[in-house]
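Remarks on the structure that follows.
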Amino acid sequence: MELSQYLDIFLEESKEHIETINNQLVELERNPESVNIVNEIFRSAHTLKGMSATMGYEDLASLTHQMENVLDMIRNDKLAVSSTLLDVIFQSVEYLEAMVFSIADGGDGKKDVSDVVALLVKIEKGEEVADLHQGFSKTEENHTYDSYELTILQQSEEQGYHPYEITITLRNDCLLKAARVFMVFEVVEQVGEVIRSHPSVDQLEEENFDHTFTITMVTKEEQQVIKDRIMKVSEVETVMIQTIQTSNLTTTVEQKEKTTDVENLEQAKMQAAVATDIERPKKADNKPEGKVISKGSQNKTIRVSIDRLDGLMNLFEELVIDRGRLEQISKELNQSELMETVERMSRISNDLQDIILNMRMVPIETVFNRFPRMVRQLARDLGKKVEIDIIGAETELDRTVMDEIGDPLVHLLRNAIDHGIELPEERKKLGKDEEGTITLKAFHSGNHVFIEIVDNGGGISKQRVLDKAISRGIVSQQVAETLTDQEIFGLILSSGFSTAEVISDISGRGVGLDVVKNTIESLGGNITIDSKEGKGTTFSIQLPLTLSIISVLLTEIEKEKYAIPLSSIIETAIIKKEEILTAHGQEVIDFRGKIVPIVSLQKVFQVNQLDEKEPELCSIVLVKKGEKMAALVVDSFIGQQEVVLKGLGQYLNATFAISGATILGDGQVALIIDCNSLIK
């Protein structure tokens, strides 16, 4: 079987399982008695082990298998959850993550995992964890099987095979234990099929066991025949063979694990390969027939490469441009049949657009899931107690936006932990709980997604921010006196700004926040800050649902066309020239009791004035950026339209207040205005 064709599936599913393990480990730390959480972690680890073994990544499979052993003991009440145990498992997951990313980068996925495997083995033996339940016996451990192994044992018995559990003990003076184990496997596989071993094959090969190991096998030979053959291997001291009562195992396994659905045939092949390949050194000829077990109805989802979706979107963008052209032609020709056909095509293409955009939407939990572990580790490094509460992880966002938002969120969270949440003793003095809370919240509103990072820490000192801003020359004393609270907090997003007395290697409130701001604004979003000193801080991020096809209001300035995104528009209006006032050298209008600055797009974009006569009326577009507003002056409104946002290229991407361009139905190019740049 050519495994390279399954590499993308392997990487995608491995990352998903590692995310699940990370997320559930954090939950397990909160609820150490929850068997359901342990089962969830076990299932992901088991699947990851199977896929890794099938793909030939032995280090991944070996480490995951050892994790399985420890998790299996936890869910069978043979081992209690402790902080030490969780630390070791978290370290194991970091190793798994590193190996998966190594494979994704073209590496071989190899890593020295002996240190963490040794710790897991010690935990399994009870050497470092004192909370092991009494009464645990090796025989009982060996009688626990996962759902696949149980199925094989039961089917083999139905076909006339005997399921045996063989315990072999080597002499204490045996020098080459691994060699003797290999010889035992050679003998056993001549008469039957090995289902599993305890310890695992990897541990046996590394002589990572005392002198006793157990093999589970199926065969048509009688016990005595098998025992006589094994006893011929030198330095074997004892051989104990016990017939497995598969009917008695059913309840045990069902309590351990609910059988997971096999999502597709390839995953089923992977699972089958694990049970029949990884747990034996060689393949035997004398074996029962294997069957792929599938549960439930047919799978109704498929995985599609994001590159293919991007290609589909690019083709559809061209279709949108041609659709606009057809609409323009139909209006000019004014033929009823043509207009009806074009209208129908427009409706169908709108539906198609919705489907394509929805295909590109992914839950934001793919980004959020990596944060709990990061918060846990960072809080421990800083000697703080921090709880992270995630709300709205199911909120969907375009994949393009999702890929860009991860790093800004990481920085804001690190910033909140480092400079927002106080140390436990400080919080206690202030009458707060020793454990601080960070809430990460996502929700839809209109054509936008909002993400909020809220902490109940010390908040931001307005006076310190102002003093620092004035000393750095960011604002003057006169301007500082006119700023609102939110505008003051917004100053920490300025380049190089920081109120931290000591700049740590984790974050500094303001150090790098300008990069966060620039990244978010480059996505067509904005960030606002609200804070109460002593109570906490809220960072609110507004992002567009998608970046490629947007709804705009087409306007005209001296025969040039400009598109203003509808997401930024409050409303349009036509006002008289005398309604424009002047305040502090700035033209403004009184919009429903609020003073709004006027921005002339003709002056901003230096459009040549063709008619020297001043018009009596002005067409304005009221736009917003958070709580701020501005009135953009244009010559006329053309109408609402959906357009394809195209970049300006490497040499023009820094053009002030222009986020891109689009091709209109008549072939003209319209520039798309970045309203955020025009509002100060």
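Can you say whether I580 is at pLDDT below 90, out of contact with any Cys (no Cβ under 6 Å at 6 or more places or on another chain) and of a type in the set (V, I, T), as far as the supplied structure shows? So I580 passes the test. Looking only at segment 166-198, residues that are under 27 Å from V70 (Cβ atoms) and without any contact (Cβ under 8 Å) to a residue 24 or more places away in the chain come to 0 in all. Evaluation of G534 against the conditions (1) on the phi > 0 side of the Ramachandran plot; (2) not in a loop (DSSP other than H, G, I, E, B) shows that the sole unmet condition is (2). Restricting attention to segment 453-486, the residues that are of a type in the set (D, E, K, R) and buried (at least 18 other Cβ atoms within 10 Å of the Cβ) add up to 2. So, E560, is that one surrounded by 14 or more Cβ atoms within 10 Å (Cβ to Cβ) and without any contact (Cβ under 8 Å) to a residue 24 or more places away in the chain or not? The answer is no for E560. Within segment 569-595, the set of residues being part of a loop (DSSP other than H, G, I, E, B) and loosely packed, with under 11 Cβ neighbours inside 10 Å comprises H584, G585, R592, G593. Against the condition modelled with pLDDT of 85 or more and either surrounded by 14 or more Cβ atoms within 10 Å (Cβ to Cβ) or under 17 Å from H411 (Cα atoms) (or both), how does F489 come out, does it pass? So F489 fits the description; yes. For the condition out of contact with any His (no Cβ under 9 Å at 6 or more places or on another chain), more than 24 Å from K125 (Cα to Cα), assigned to a helix (DSSP H, G or I) and not β-branched (V, I, T), E40 does not qualify. For E124, the stated conditions do not hold, so it cannot be described as outside the structural domain of I166 (by TED's automatic domain parsing), modelled with pLDDT under 80, under 28 Å from I215 (Cα atoms) and charged (D, E, K, R). Based on what the data block shows, is Q606 within 16 Å of I673 (Cα to Cα) and either free of Cβ contacts under 8 Å to residues at least 40 places away in the same chain or not in a strand (DSSP E or B) (or both)? Against the criterion (within 16 Å of I673 (Cα to Cα) and either free of Cβ contacts under 8 Å to residues at least 40 places away in the same chain or not in a strand (DSSP E or B) (or both)), Q606 qualifies.
Can we say A630 is small (G, A, S) and either closer than 28 Å to I541 by Cα or in contact with a His (Cβ under 7 Å, 6 or more places away or on another chain) (or both)?
It is true that A630 is small (G, A, S) and either closer than 28 Å to I541 by Cα or in contact with a His (Cβ under 7 Å, 6 or more places away or on another chain) (or both).
For segment 528-551, taking the residues that are hydrophobic (A, V, I, L, M, F, W, C) and modelled with pLDDT of 90 or more, the one that is nearest to K624 (Cα to Cα) is identified as I541.
Quickly run through segment 628-680 and pick out the residues that are of a type in the set (F, W, Y) and over 16 Å from V552 (Cα atoms). Listed by number, the residues that qualify are Y651, F656. Kindly indicate whether I598 is surrounded by 14 or more Cβ atoms within 10 Å (Cβ to Cβ), over 45 Å from the mean Cα position of the chain (by Cα), among the aliphatic types (A, V, I, L, M) and not assigned by TED's automatic domain parsing to the domain that holds G436. The answer is no for I598.
The values are calculated or read from the model by the stated rules, or taken from the named source; none is laboratory data. Here the structure is a predicted model, which is why all the values come from computation and not from measurement. Here the Cβ is made from the backbone with ideal geometry for all residues, glycine too, and neighbour counts use every protein chain on show.
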